[in-house]
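Single-structure report; data block below.
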Amino acid sequence: QVQLVESGGGLVQTGGSLRLSCAASGSISSINAMGWYRQAPGNQRDMVATITRGGNTNYADSVKGRFTISRDNAKTVYLQMNSLKPEDTAVYYCNAGTTWGTSWGQGTQVTVSS
């Protein structure tokens, strides 16, 4: 099992920046990819950005060019969020994918004021 602990959420004005962090523990060697997902009230949980063990990244069209996902020492994944918009407001969840399943963080609230 992989445990994920998130931090870095908060309140920011339109155009501002935040950096989310997700620290992984447990069966770290089993992780093939990690990513960030978000969910606003009444909406589906949607992929924001993912990064594979090999470093390949993928972004949702709505955040491409504004958000950057990265990894540090195979234990922590970051999401640098720039030029934030009110529509980015959501609970952001960290995800880790392994060969045998997935793990989720508890979520961290990001609120972007108009």
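Coordinate-derived values only; no laboratory data. This structure is a prediction, so every number in the text was calculated from the model and none was measured. All Cβ positions, glycine included, derive from the backbone under ideal geometry; neighbour counts span all protein chains shown.
See the values below:
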{"quantity": "Pairs of Cα atoms farther than 17 Å apart, the range 1-60, %", "calculated": "55 percent"}
{"quantity": "Label zone at T99 (point 7 Å along Cα-to-Cβ), backbone N below 20 Å, the range 59-84", "calculated": "74-75"}
{"quantity": "Local electrostatic count, N82, Cβ distance below 11 Å [Lys/Arg +1, Asp/Glu -1]", "calculated": "+2"}
{"quantity": "Label point at S27 placed 7 Å out along Cα→Cβ; residues across the range 70-102 whose backbone nitrogen lies under 12 Å", "calculated": "97-102"}
